[in-house]
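The values are calculated or read from the model by the stated rules, or taken from the named source; none is laboratory data. Source: prediction; values computed, not measured. Heads up, the Cβs are rebuilt from the backbone with ideal geometry, glycines too, and the neighbour counts pull from every protein chain shown. Heavy atoms of the whole protein, side chains included, go into the accessibility calculation; ligands, DNA and RNA do not. Shrake-Rupley method; radii C 1.70, N 1.55, O 1.52, S 1.80 Å.
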Amino acid sequence: MAIVSLRNSASSLLLFSRRVFSPELKAQCLYHIKVVDHYENPRNVGTLDKNSKNVGTGLVGAPACGDVMKLQIEVDDHGMIVDAKFKTFGCGSAIASSSLATEWVKGKSVEEALKIRNTDIAKELCLPPVKLHCSMLAEDAIKAALSDYRIKQQDKKEKRVQATG
């Protein structure tokens, strides 16, 4: 009797493991379609000339997860962002957040770009709470790039003053 019971248990376990670990079962997508779109078709990947006075570069990272973002903006003489590029080492949500950030800053003034918040990026991409740090990195990268641009502009003004004085 005990042997029959053991056989039934073993066959039930085998049947259960085949259902759970079956290669025919497809993994469920854990990313929202907007994240997948930006991950598979990232916008504005690349670099701008970091030595240009009209280009601001922001480099930020999250040591906890290993994500690193470099976001660059190019600003025209009227203070409008005319181009943006990024390079990101990280998960799909980090890449999508960077890609979306570059799309959003293009065509905005420096002041308008400063108003972009991580909550807006997270909402647009439907990021789950565990991935909110990715949108925070994107906001930090925008701020860092704008800060670098402003420092370069201040240096540019000081050199003009020195040249005229």
Mean accessible area per residue over the stretch 23-165 (1.4 angstrom probe, all protein chains present, square angstrom) is 58 Å²
Put +1 on the Cβ of each Lys and Arg and -1 on the Cβ of each Asp and Glu in the stretch 45-122; which of Val55, Val110, Thr88 then has its Cα farthest toward the positive end of the dipole? Thr88
How would you order 43-56, 114-127 from highest to lowest mean count of nearby Cβ atoms within 10 Å? 114-127, 43-56
Under a plain spin-label model, where a point goes 7 Å from the Cα along Cα-to-Cβ, how far apart in nm are Met80 and Lys123? 2.6 nm
Where labels lie 7 Å past Cα in the beta-carbon direction, separation of Ile151 and Lys34 in nm: 3.2 nm
Please compare each pair in Lys106/Lys152; Lys34/Lys152; Lys34/Lys85; Lys87/Lys156 to a cut-off of 24 Å on the Cα-Cα distance and tell me which ones are over it. Lys34/Lys152; Lys87/Lys156
So the label point goes 7 Å from the Cα of Glu103 along Cα→C-beta, right? Which residues of the stretch 132-149 then have their backbone N under 20 Å from it? 132-143
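Leaving out ligands, DNA and RNA, what percent of the accessible area of the stretch 66-107 is carbon and sulfur, probe 1.4 Å?
Working: 820 of 1510 Å².
The nonpolar share, carbon plus sulfur, comes to 54 percent.
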What is the distance in Å between the Cα centroid of the stretch 107-138 and that of the stretch 42-81? 15 Å
